[in-house]
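Every number in this text was worked out from the coordinates using simple rules, so none of it is lab data. Because the structure is a prediction, the values reported are computed rather than measured. For neighbour counting, all protein chains shown are included, and Cβ atoms are generated from backbone atoms with ideal geometry for every residue, glycine included.
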Amino acid sequence: MNKQGKLKSTDNMKQQRLIELQDDDDDVPVDVLDEMSSEMIIQRRRPVHKLSKLNTCKENIQLKKSCKKISPDCPPIQPKYECRNMDSQLSTDSSKTEKNEATMITVGSSKNSPKIMIPSLVRDQGWVFGEEIGSGGFSHVYRVQNTKEFLNESERGIACKVIDLFVVNSDWARKHFRTEIRLCEQVNHPNLLRALKILKMRTKAYIFMPLAMYGTVTEYLIGHKRPLVESMVRRILRDLADGVGYLHVRNIVHRDLKLDNFLLIQKHKVVIADFGFAVIGDDATQLDANKETMAVWCSTICGTPEYVAPEIHGLIRGQQYDGKPADMYALGVSAFEMLHMVRPFRGGPFVVRSPELLRMQINCEFILIPRVKLSNGCSTLIHSLMNPKPQSRPTAATVLTNKWITT
């Protein structure tokens with residue numbers, strides 16, 4: 001028999017033996033499988049043990065190490081993510097987690113009440129959201145309570161301002177939101193609204209603060225349905241000047257002082273809120289009484305037109321103004337409005353840089369309401385605060401020592 005015939009006969013015998021083993025028992029001896037050709041055992045291939053894969057990985061690692069020793073010119077293995085990209089990677093992951101673990105809740109009791117997403121980080125700290133009590137361009141304010149932490153303000157109530165950072169699509173707006181969060185964390189004065197807690201995430205910031213039980217001064221005026229008496233305005237103006245003085249001594253200007261941003265935490269206690277337009281000057285962290293007269297130069301125009309000082313309305317492109325006298329002007333307008341229930345200048349609504357409004361401010365053409373009778377001390381102080389010349393307006397410290405205020 002030739003060589004090809006012998007090989008063919010051997011293959012036939014192996015195939016016959018494999019068929020017999022398959023018929024007799026489902027387990028094929030290892031020594032028999034080793035003798036058979038790979039073509040005959042495709043359907044009976046042994047599974048690769050995990051240890052075999054582990055050994056293979058170890059061999060590959062050793063091989064890479066040996067290659068590195070042999071060829072030192074080879075570049076080292078780089079990490080998958082560079083350090084400068086880690087923040088974005090983590091932010092993306094955290095946003096996915098925030099979205100996946102958020103719960104949709106209804107705020108309010110009516111059928112048409114809005115729904116909001118509350119991340120697990122907020123829920124796990126015991127915060128329970130109630131109805132919406134206010135809103136702005138990029139934020140909403142809700143009444144909340146905490147079921148886990150004891151807070152001094154829990155009896156009076158707590159509010160949460162939710163800032164949607166995702167829709168803040170300009171560098172200018174993002175900068176001012178960062179300033180607001182920073183000041184809410186750092187200010188420590190009874191007449192400035194300080195945050196109880198701040199939770200910052202990639203797309204939203206949650207600022208928890210004392211609830212204004214009586215709303216804003218504007219809302220109180222509307223509910224009161226008549227101007228406030230001098231004694232109450234005196235107390236409010238004293239609180240406002242005290243809070244503004246705290247900021248000015250630290251080289252901080254508010255730039256958006258108005259009745260809508262004055263909150264009545266208690267019936268006779270007012271705090272200043274909303275630091276979104278605030279500017280922090282140089283050396284703001286150092287306390288110095290002389291800083292109240294140091295200028296904080298600003299170039300952007302912001303605020304409600306009727307509260308904006310004339311030097312801002314008449315600002316020429318490229319010029320700057322001192323934010324501290326501008327804050328004092330806004331306090332004068334606020335005091336006038338509390339005593340008269342109208343703003344000082346007839347007409348409106350005005351726009352920034354309105355020539356008509358600027359003319360009335362420079363000429364002190366205030367609205368006169370015959371039925372409102374003011375004392376000379378009150379009238380003199382308010383008119384001095386609304387002096388068209390910035391350098392002639394009293395500072396916050398001067399207001400606090402004014403005879404009418406201290407009476």
The range 217-406 - percent relative contact order, Cα under 8 Å, separation 6 or more: 25 percent
Unsatisfied cross-links (Cα-Cα over 19 Å) in the set Lys161/Lys324; Lys161/Lys197; Lys148/Lys267; Lys175/Lys389: Lys161/Lys324; Lys148/Lys267; Lys175/Lys389
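Taking 0.36 nm per residue of sequence separation and subtracting the Cα-Cα distance, how much length would be gained by fully extending the chain between Gln319 and Glu149, in nm to one decimal?
Details: separation 170, 0.36 × 170 = 61.20 nm, distance 4.94 nm.
That pair, Gln319 and Glu149, stretches by 56.3 nm at full extension.
How would you order 322-330, 341-349, 362-370 from highest to lowest mean count of nearby Cβ atoms within 10 Å?
Details: 322-330: 24.0, 341-349: 15.9, 362-370: 11.8.
Going by the mean number of other Cβ atoms within 10 Å, highest first, we get 322-330, 341-349, 362-370.
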Separation in nanometres of the label points that stand 7 Å from Cα toward Cβ, at Asp164 and Asn188: 3.6 nm
Modelled FRET efficiency - R0 45 Å, Gln391 with Lys200, Cβ distances, 0.05 increments: 0.65
